[in-house]
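Just below is one structure, and these are the notes that go with it.
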Amino acid sequence: MRQGFFQVSDGTRLRYQITGEGPAVVLVNGLGGSFPAWKPIVNALSGEYTFYCYDYRGLFGSERPSDLSRLTVGDHADDLRCLLDHFDIRQAVFIGWSFGGQVLMEAYNAFPERFSGLVLLNALVGPATDGLPLREILHPLFRWMTGLWRPAWHLLAPLASRAVSSKAFVLGAKHAGLISKTLDEEVFEEIAREFISMDHEVFQRILVASQEYDGSPVLSTLALPVLVLSGSRDFIVLPSLTRTIAAAIPDARLVMLPGTSHYSALEDPETVVAEIAAYLHNPRSLQ
């Protein structure tokens, strides 16, 4: 894997990761995980495709923007365009996990000509509360709760660090059924350690921006085959919401992975890789 930095429109330097050989596939992260979250896919398919990934502004290895109002979904989509321009990628297949689905909706709306394919993996396209009952009540409540994230994290961070070190969190989450017992614990712990050490003021602001964004109107405009993958036990993007997302896309294949949560690629990597490989080989074979 090669790493480095590219500069975006406001001068912020973002870290990128590149690995593999072949046509371009761009991986668009969730908020809680960077390049390690893609390991099962990259390890299986890097002999056929070149994978490009980058850290969102202010998170993980990327610089914090000087203006913290520049953390909207639109800013992240513009950063994605800068990545494409930096590496002279005229077209690519894009795979978005979780928050990456929102970024890709905004990106497709702004520059659809750069998309040769699209995979949504446990992906949001609108506010997280869209799939919940009483969303008119929960939407403002969720925004209020995200406003408390940073002060709460000062108290939680030492506990979270100890839990990851002792493996208590993973074992507890498995026991509670929040994640599958087949989860790749080594990769999950790597993701968790990165999450604990990242800039949680930036994370909080992006959470708020995510809750205020709605990319669902873009779904009906997607003029290409789309593969939608998600877990039957996803506790962040509920299965009912994933089905609604897939139903709104003109040409979509929906694959619900039994027993997996929001980390489907780490819980059932064989199925996720097989579905993505089939799509990359021939996106038109979805139907």
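The values are calculated or read from the model by the stated rules, or taken from the named source; none is laboratory data. Keep in mind the model is a prediction, meaning the values are calculated, not measured. Note that we place each Cβ from the backbone using ideal geometry, even for glycine, and neighbour counts take in every protein chain shown.
Considering the stretch 247-287, and only residues there that are closer than 24 Å to Asn29 by Cβ and of a type in the set (S, T, N, Q), the residue that is nearest to the chain's Cα centre (by Cα) turns out to be Ser264. Among the residues that make up the stretch 52-62, is at least one of them surrounded by fewer than 17 Cβ atoms within 10 Å (Cβ to Cβ) and free of Cβ contacts under 8 Å to residues at least 60 places away in the same chain? Looking for residues that are surrounded by fewer than 17 Cβ atoms within 10 Å (Cβ to Cβ) and free of Cβ contacts under 8 Å to residues at least 60 places away in the same chain, one finds none in the stretch 52-62, hence no. Any residue at all in the stretch 160-176 that's modelled with pLDDT under 75, in a loop (DSSP other than H, G, I, E, B) and not aliphatic (A, V, I, L, M)? Yes, because at least one residue in the stretch 160-176 is modelled with pLDDT under 75, in a loop (DSSP other than H, G, I, E, B) and not aliphatic (A, V, I, L, M). What do you reckon, is Arg114 more than 22 Å from Glu201 (Cα to Cα), in contact (Cβ under 8 Å) with a residue 12 or more places away in the chain and among the charged types (D, E, K, R)? Against the criterion (more than 22 Å from Glu201 (Cα to Cα), in contact (Cβ under 8 Å) with a residue 12 or more places away in the chain and among the charged types (D, E, K, R)), Arg114 qualifies. Checking the stretch 276-283 against the condition returns no match, with no residue being under 27 Å from Ser46 (Cβ atoms), in contact with a Lys or Arg (Cβ under 7 Å, 6 or more places away or on another chain) and touching a residue at least 40 places away in the same chain (Cβ under 8 Å).
Only one of (1) of a type in the set (Ser, Thr, Tyr); (2) outside any strand (DSSP E or B); (3) buried (at least 17 other Cβ atoms within 10 Å of the Cβ) fails for Ser66. Which number is that? Failed condition: (3). Considering each residue of the stretch 72-81 in turn, at least one proves to be under 20 Å from Met198 (Cα atoms), in a helix (DSSP H, G or I) and among the charged types (D, E, K, R). The residues of the stretch 208-236 that are part of a helix (DSSP H, G or I) and at pLDDT 90 or above, listed by number, are Ala209, Ser210, Ser216, Pro217, Val218, Leu219. In the stretch 179-207, which residue that is free of Cβ contacts under 8 Å to residues at least 40 places away in the same chain and assigned to a helix (DSSP H, G or I) is surrounded by the most Cβ atoms within 10 Å (Cβ to Cβ)? Applying the filter and picking the extreme gives Ala192. Selection within the stretch 90-140: residues that are among the small types (Gly, Ala, Ser), in contact with a Ser or Thr (Cβ under 8 Å, 6 or more places away or on another chain) and not in a helix (DSSP H, G or I). The member of this set that is modelled with the lowest pLDDT is Gly126.
Taking first residues from the stretch 257-269 that are over 12 Å from Leu238 (Cα atoms) and in a helix (DSSP H, G or I) and partners that are modelled with pLDDT of 95 or more and basic (Lys, Arg), the Cβ contacts under 9 Å between residues at least 6 apart in sequence or on separate chains come to Ala265/Lys39; Leu266/Lys39; Pro269/Lys39. Starting from the stretch 212-231, take each residue that is touching a residue at least 12 places away in the same chain (Cβ under 8 Å) and charged (D, E, K, R) and list its partners that are part of a loop (DSSP other than H, G, I, E, B) and surrounded by 14 or more Cβ atoms within 10 Å (Cβ to Cβ), counting only C-beta distances under 7 angstrom and pairs at least six apart or across chains. Pairs found: Asp214/Gly126; Asp214/Pro127. Within the stretch 1-22, the only residue that satisfies the criterion of being loosely packed, with under 13 Cβ neighbours inside 10 Å, assigned to a strand (DSSP E or B) and of a type in the set (D, E, K, R) is Arg2.
Every condition in (1) under 28 Å from Thr72 (Cα atoms); (2) buried (at least 17 other Cβ atoms within 10 Å of the Cβ) is met by Arg233 except one, and the failing one is (1). Test Ala274 against the criterion of being outside any strand (DSSP E or B), buried (at least 17 other Cβ atoms within 10 Å of the Cβ) and of a type in the set (Gly, Ala, Ser), and give yes or no. In short, no.
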